[in-house]
Amino acid sequence: MLQTTAVVIGAGHAGLAMSRRLTERSIDHIVLERGEVANSWRTQRWPTLRLLTPNWQTRLPGHDYAGDDPDGFMPAAGVVATLTRYARLVGAPVRTGVTVHTVRAAPEGFQIRANGDVLRARAVVLATGACSRPAIPGAADAVPPSITTLTPLSYRDPGQLPNGGVLVVGASATGVQLAGEIHRSGRPVTLAVGEHVRLPRTYRGRDIFWWLEATGLLAERYDQIDDLTRARHLPSPQLTGTPEAITTDLNTLTALGIRIVGRLGRITHGVAQFSGALANTCALADLKMNRFLNRADEWATASGLDDELPPPHRFAPIRVDPRTPLELDLTSGEITTVLWATGFRPDHSWLDVPVCDRNGHIRHDGGVVTGAPGLYVLGMPVLRTRASTYIHGAGADTEALAGHLHSFLSSRRR
Ligand SMILES: Cc1cc2nc3c(=O)[nH]c(=O)nc-3n(C[C@H](O)[C@H](O)[C@H](O)COP(=O)(O)OP(=O)(O)OC[C@H]3O[C@@H](n4cnc5c(N)ncnc54)[C@H](O)[C@@H]3O)c2cc1C
């Protein structure tokens, strides 16, 4: 039986950053990865996906973006290349092609079954990602069988879709990007819009992520956020990363010819029913966007930047057609594909340690798993700060958790 001090499961950016932090502290460890380094970006993302965070923000411990397009948006293949280089740079001891089947508590730590082997470790870091499975609403069961259904994990390009109309359910980062791409392939697209976070791509000449970082919003700590559960379940911002850095809001999509409808509720006898509250949903998203822009303007003034930046301005509210349909008959032949862009969830089904709540979420305090000393989780939304949701957030998160892990091992030794 192989014995090591720590096992990191998953060689995405979070697992690799943790490996770097453990190496810095001379903590003996291995990284187990079922595929190759950056497996999610190789196998679970569609090829035209571009990060919605700008290149300059793709930084990890010991690595800053050094390319010639800091304001651009990296395609999925670029993320694979970046993480592959990073794994080499930090000398991460990754064992590829090793799937972890169970993690159990054992005397002095944990027992890990991976492929045919059994390992023992005093600490385990779960870095298997927050987006391993699509989150699909119950209404999906009522989609007529004649309709092709896809999720962002199975979507590759519009060529795999049958001819005909497409209903994209969900208008956050994934939904708006895929709605635009499928529309450009010549298929009529209907986009069902629930609660969303509207943000412009750029404001006063700077990328919105510059503002989110500069104003301190991304650095807000998990233990200082009033409604943490809500913050952890907020949809991704309605943003796309395009070479032209365009804003992809609902007005843009409507102008392209995409039909906007309300949140999908039930599907009864093949008829999809949409919420009549679309105008309110959009007004609320506008309100929250303007609240953030107010904060940005106040910050700019307080920082003495008003002379450097273009003047403040506001964006047109989202226009909702009062004749927006509330129903769509999925048996009429008008729609041939439903794409569920309704979010993602993690997969910790192989974790045999009783640390999940009744909704299946791991209970943790900023990544330190509750009730299982030596067990840590990374990569969950707002794990320690609002930045934890993004690649660059792993730097501070892994620093804190590696520090905790180091103290845990030291206290055990004493
Ligand atoms: C569509 C989409 C777009 C995103 N866009 C951005 C963006 O623009 N900017 C940004 O900063 N973030 C973005 N994110 C969020 C986040 O950065 C990514 O989800 C990122 O991949 C998470 O990194 P991770 O290391 O936590 O997990 P992952 O990259 O998912 O890595 C987890 C690894 O664990 C491995 N694994 C899983 N289970 C096992 C097992 N049982 N045994 C062994 N190995 C296992 C997987 O193969 C995988 O390699 C996006 C996410 C999605 C889904």
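Per residue, the accessible area of the chain comes to 45 Å² when a 1.4 Å probe rolls over the protein heavy atoms.
Here the peptides 333-339, 133-139 are ranked by packing, the mean other Cβ count within 10 Å, and the order with the highest first is 333-339, 133-139. Expressed as a whole percent, the accessible area of the chain that falls on carbon and sulfur atoms is 51 (1.4 Å probe).
Please state the shape class of region 1-63: rounded when a/c is under 1.5, otherwise prolate if a/b exceeds b/c and oblate if not, all from the C-alpha gyration tensor. Oblate, since a/c reaches 1.5 and b/c is not below a/b. Rank Gly72, Val143, Ala105 by how far each Cα sits towards the positive end of the charge dipole of the chain (+1 on Lys, Arg Cβ; -1 on Asp, Glu Cβ) and give me just the farthest. Among Gly72, Val143, Ala105, the one farthest towards the positive end of the dipole of the chain is Ala105. Estimated at 0.36 nm per residue, the fully extended path between Arg358 and Glu220 surpasses their Cα-Cα distance by 47.0 nm. Membrane-span-like helices in the chain: DSSP H runs reaching 15 Å or more (Cα, own axis), mean Kyte hydropathy at least 0.5? Those that clear 15 Å and a mean of 0.5 are 76-89.
Magnitude of the charge dipole for the chain, about its Cα centre and with charges confined to Cβ atoms of Lys, Arg (+1) and Asp, Glu (-1), is about 980 debye. Using a Gaussian network model of the chain in which every pair of alpha carbons under 10 angstrom is joined by a spring, one finds that among Gly374, Gly241, Gly403 the greatest mean-square fluctuation is at Gly403.
With +1 assigned to the C-beta of every Lys and Arg and -1 to the C-beta of every Asp and Glu, and no other charges, what is the dipole magnitude of region 287-414 about the Cα centre in debye, to the nearest 20?
On the way: 14 positive and 15 negative charges, 126 e Å.
Using only the charged Cβ atoms, the result is roughly 600 debye.
For the options Leu309, Leu83, Leu161, a Gaussian network treatment of the chain with springs between C-alpha atoms closer than 10 Å singles out Leu309 as fluctuating the most.
Taking the helices alone, the chain has a mean residue ellipticity at 222 nm of -8000 deg cm²/dmol, built from -39,500 (n - 2.57) per DSSP H run of at least 4 residues and averaged over all its residues. If only the Cβ of Lys and Arg carry +1 and only the Cβ of Asp and Glu carry -1, the dipole of region 219-280 around its Cα centre is close to 360 debye. How would region 285-389 be classified by its alpha-carbon gyration tensor: rounded, prolate or oblate, with rounded meaning a/c under 1.5 and the a/b versus b/c comparison settling the rest? Because a/c hits 1.5 or more and a/b fails to exceed b/c, region 285-389 counts as oblate. Placing dummy labels 7 Å off each Cα toward the beta-carbon, the span from Arg156 to Ala302 is 5.0 nm.
Just flag the GluC sites (Glu not before Pro) in region 1-87 sitting in loop per DSSP whose Cβ has no more than 10 other Cβ atoms within 10 Å. Working shown, then result.
Details: sites: Glu24, Glu33, Glu36; in loops: Glu36.
Loop-located and lightly packed - none at all.
Remark: the Cα gyration tensor places region 70-112 in the prolate category, a/c being 1.5 or greater and a/b exceeding b/c. Taking all protein chains together, His196, His63 sort by accessible area into His63, His196, largest first [probe 1.4 Å].
Measuring nothing but how far apart in sequence close Cα pairs (under 8 Å, 6+ apart) lie, relative to its length, region 6-120 scores a relative contact order of 28 percent.
For region 257-412, calculate the relative contact order in percent as a whole number, restricting contacts to Cα pairs under 8 Å that are 6 or more residues apart. Write down the numbers at each step before the final one.
Numbers: 114 pairs, mean separation 23.9, N = 156.
Relative CO of region 257-412 lands at 15 percent.
When the chain is described by a simple charge dipole with +1 on each Lys and Arg Cβ and -1 on each Asp and Glu Cβ, the residue from Leu256, Val320, Val168 located farthest towards its positive end is Val168.
Between Trp350, Pro381, Gly371, the Cα set farthest toward the positive side of the dipole of region 344-414 (charges on each charged residue's Cβ, about the Cα centre) is that of Gly371.
Hey, what did the chain get for relative contact order, percent, Cα under 8 Å, at least 6 apart? If you can, show how the numbers build up before the last one.
On the way: 798 pairs, mean separation 94.4, N = 414.
The value is 23 percent.
Working from the Cα coordinates of the chain, the gyration tensor eigenvalues give, after taking √(5λ), semi-axes of 38, 27, 19 Å in decreasing order. Label reach from Leu256 (point 7 Å along Cα→C-beta): in region 135-171, amide nitrogens under 16 Å belong to 156-159, 165-171. With each label modelled as a point 7 angstrom along the Cα→C-beta vector, the Ser146-Gln3 pair spans 6.5 nm.
The values are calculated or read from the model by the stated rules, or taken from the named source; none is laboratory data. If you're wondering where the values come from, they're calculated on a predicted model, not measured in any experiment. Every residue, glycine among them, receives a Cβ derived from its backbone with ideal geometry; neighbour counts consider all protein chains shown. Areas reflect the complete protein model, heavy atoms only, side chains present, ligands, DNA and RNA absent. Shrake-Rupley method; radii C 1.70, N 1.55, O 1.52, S 1.80 Å.
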